[in-house]
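Coordinate-derived values only; no laboratory data. Values in this document were obtained by computation on a predicted structure and should not be read as measured data. Counting neighbours? That spans all protein chains shown, and the Cβs are built from the backbone with ideal geometry, glycine included.
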Amino acid sequence: MSFRTKKSLGQHFLTDKNIIFKIIDAIVAEKEDRIIEIGPGTGALTKWLTEKFTNVHAIELDQRAVKVLKQEIENLVIHEKDVLKVNWQDMVDPVSNDVVIGNLPYYITSSILFDLLENRKLFSEAILMMQKEVAERLVAEPSSKEYGILSVQTQLFCTPEILFEVSRNSFSPPPKVTSAVIKLKFDKPDLSFSDQTLKTVVRTAFNQRRKKLSNSLKPVLGDYQPDGFNFDDRAEHWLPETYAKLSEHLEQSDRLS
């Protein structure tokens with residue numbers, strides 16, 4: 001069936017079977033575990049997922065694609081929803097591992113990422129296709145150009161690993177950029193402070209990343225500078241663990257401005 005992709009939905013459908021099988025091979029899950037695919041489109045990856053797993057769910061907004069999925073693929077539960085409005089608690093299976101798979105639309109990649117990280121306790125892992133530049137930010141080392149808010153939060157919330165790059169020619173229509181598949185393993189212990197405290201600290205620090213942290217963190221710290229931190233550094237020089245340590249200190253001492 002012929003299908004015209006919608007630019008407004010950021011649709012670039014994966015057509016390369018080699019990449020499809022590499023994604024499936026990267027999934028660590030039992031046959032009965034729940035696999036949740038974000039934006040399956042017309043099901044190039046989905047049909048192979050349903051052959052390997054018995055509990056596959058798909059989140060798809062485009063009604064035209066939903067119609068194709070219903071016609072072409074059996075044993076698939078389809079949720080006709082905007083992924084950014086999904087209640088993940090209702091989506092997961094509480095008695096199995098839950099794995100998220102997705103070829104993410106570039107224009108909402110960060111929003112989806114933050115949503116998954118916020119709900120990380122619900123999932124065992126996520127395997128996501130995204131713009132290579134975004135994937136590189138997730139795994140970036142301190143003091144590198146790519147290191148920033150996404151790097152710190154992702155590395156404290158999970159273990160990210162870039163699995164492989166994907167050529168623009170693996171899609172229809174081809175995007176203008178190279179993509180990468182990244183695995184997020186949700187294997188980190190619970191943090192001893194709230195996500196919101198961390199977000200406030202990290203986003204304030206990187207909001208003025210060229211300034212010393214003694215200046216950029218003033219909206220959070222005022223003139224208070226606890227011992228054990230180098231506030232002469234700039235935001236990109238602190239390890240994720242240092243941001244965690246400061247967040248914990250501020251929350252425990254009730255010093256957030």
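Measuring between alpha carbons in the structure, the pairs from Lys85/Lys211; Lys132/Lys199; Lys145/Lys199; Lys85/Lys132; Lys47/Lys185 lying more than 32 angstrom apart are Lys85/Lys211. Taking every Cα-Cα distance in the chain and sorting them into 5 Å bins starting at zero, the pair-distance distribution P(r) comes out as 1, 6, 13, 16, 17, 15, 11, 8, 6, 4, 2, 1, 0 percent. Of the complete DSSP H runs in the chain, those spanning 15 angstrom or more by Cα along the long axis with a mean Kyte-Doolittle score not below -1.0 are 195-207. The calculated FRET efficiency for Lys199 paired with Lys145, based on their beta-carbon distance and R0 = 30 Å, is about 0.85. Equivalent ellipsoid of segment 195-253: semi-axes from √(5λ) of the C-alpha gyration tensor, largest first, are 15, 12, 11 Å. Between Lys176 and Asp227, the distance separating the two model label sites (each 7 Å from Cα on the Cα→Cβ line) works out to 5.4 nm. A Förster radius of 51 Å, combined with the Cβ-Cβ distance separating Lys245 from Lys70, puts the computed FRET efficiency at roughly 0.50. A cut-off under 12 angstrom between Cβ atoms defines the neighbours of Glu30, and their net charge, with Lys, Arg +1 and Asp, Glu -1, is -1.
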